[in-house]
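Read the structure below first, then the notes.
None of the figures in this text is laboratory data; all of them are computed from the coordinates on show. Just so it is clear, the model here is predicted, and its values are computed rather than measured. With ideal geometry, Cβ positions are generated from the backbone for all residues, glycine too; neighbour counts draw on all protein chains shown.
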Amino acid sequence: MSQYFVVHESHPQQRLIRRAADIVQAGGLVAYPTDTTYALGCHIGDKRALDRIRQVRRLEKSHLLTLACSDLSELSTYARVENASYRILKHYTPGPFTFLLPATREVPRRLVNPKRKTVGLRVPEHRVTQALLEAVGEPMMTTTLRLLGDEYPLTDPEDIRGTLEHQVDLIINGGWGGIEPTTVVDLTDSPMVVRQGLGIFEG
């Protein structure tokens with residue numbers, strides 16, 4: 001049975017955020033709100049938790065997760081960022097974007113595209129997500145909370161609770177979620193939108 005925290009959207013209760021971070025750091029799997037959709041997340045180094053995410057979402061091993069970072073400086077630890085890319089990242093983060101960038105050695109191999117050696121990174125603009133990432137102290141592996149066969153992600157925290165309460169360790173109710181995922185932008189060469197989502201990218 002998962003724990004269920006009702007967290008204020010604009011003023012997250014630090015007591016609950018700290019408890020949530022402890023669950024993540026201990027290897028737990030969490031369903032949490034972001035600036036786009038609800039997501040599943042876990043500790044960056046925890047392979048068992050990552051396998052649980054794949055099981056919940058019925059993902060193939062070839063499906064790569066994103067790293068959710070608390071800020072731009074943290075993002076630069078996990079990706080090689082050229083000056084032109086840095087200006088773009090500074091302009092569009094935090095926000096509803098995932099950026100594909102060359103991965104550094106800090107990134108677990110299971111998150112790196114084996115052919116292109118890239119990693120997807122994002123900095124969500126959501127007070128609850130930001131507070132959680134800051135409390136965890138490092139990025140989380142994350143993916144949209146959209147279940148196999150569903151056209152859209154789960155949006156109602158109570159529905160998430162009813163569906164996943166025996167499959168995750170924590171559900172954070174931060175209000176209703178959206179249905180549009182992030183816009184994915186490839187920054188490995190000339191900037192290119194590879195998936196149009198909520199964010200509007202103008203280059």
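Listed values, structure above:
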quantity	calculated
Inter-probe distance in nm under a simple model that places probes 7 Å from Cα toward Cβ, at H8 and K61	4.6
Straight-distance crosslink candidates among lysines, where the alpha carbon sits under 20 Å from K47 and sequence neighbours closer than 8 are dropped	K61, K117
Neighbour-limited loop hits for GluC sites (Glu not before Pro), segment 149-203 (at most 12 other Cβ within 10 Å; DSSP other than H, G, I, E, B)	E151, E202
Share of Cα-Cα pairs in segment 84-203 lying beyond 23 Å, as whole percent	39
Over the chain - Rg/Rh using Cα atoms and the Kirkwood inverse-distance radius	0.94
Residue order, fewest to most beta carbons within 10 Å, for L64, L132	L64, L132
Low-density loop positions, trypsin sites (Lys or Arg not before Pro), segment 1-94 - DSSP coil, at most 11 other Cβ in 10 Å	R58, K61
Along each principal axis, Cα extent of segment 103-161, largest first, Å	39, 32, 17
Point-to-point label distance, T155-V194, nm (Cα→Cβ direction, 7 Å offset)	2.8
Ascending count of other beta-carbon atoms within 10 Å, so fewest first, for F97, F201	F201, F97
Kirkwood Rh in Å, taken over segment 10-57 so that all alpha-carbon pairs contribute	11.5
Sequence-distant residues sharing a close amide H with C69 (under 5 Å, placed H)	R122, V123
Peptides ranked, highest mean first, by Cβ atoms within 10 Å: ranges 192-198, 139-145	139-145, 192-198
Least to most buried among V123, V56 (fewest other Cβ within 10 Å first)	V56, V123
Gap separating the Cα centres of segment 73-92 and segment 20-47, nearest whole Å	23
Rounded D (µm²/s) - segment 1-120, Kirkwood Rh over Cα pairs, Stokes-Einstein at 4 °C, 1.567 mPa s	82
Debye log10 I(q)/I(0) at q = 0.15, 0.17, 0.23 Å⁻¹ for segment 132-173, Cα point scatterers	-0.46, -0.58, -0.92
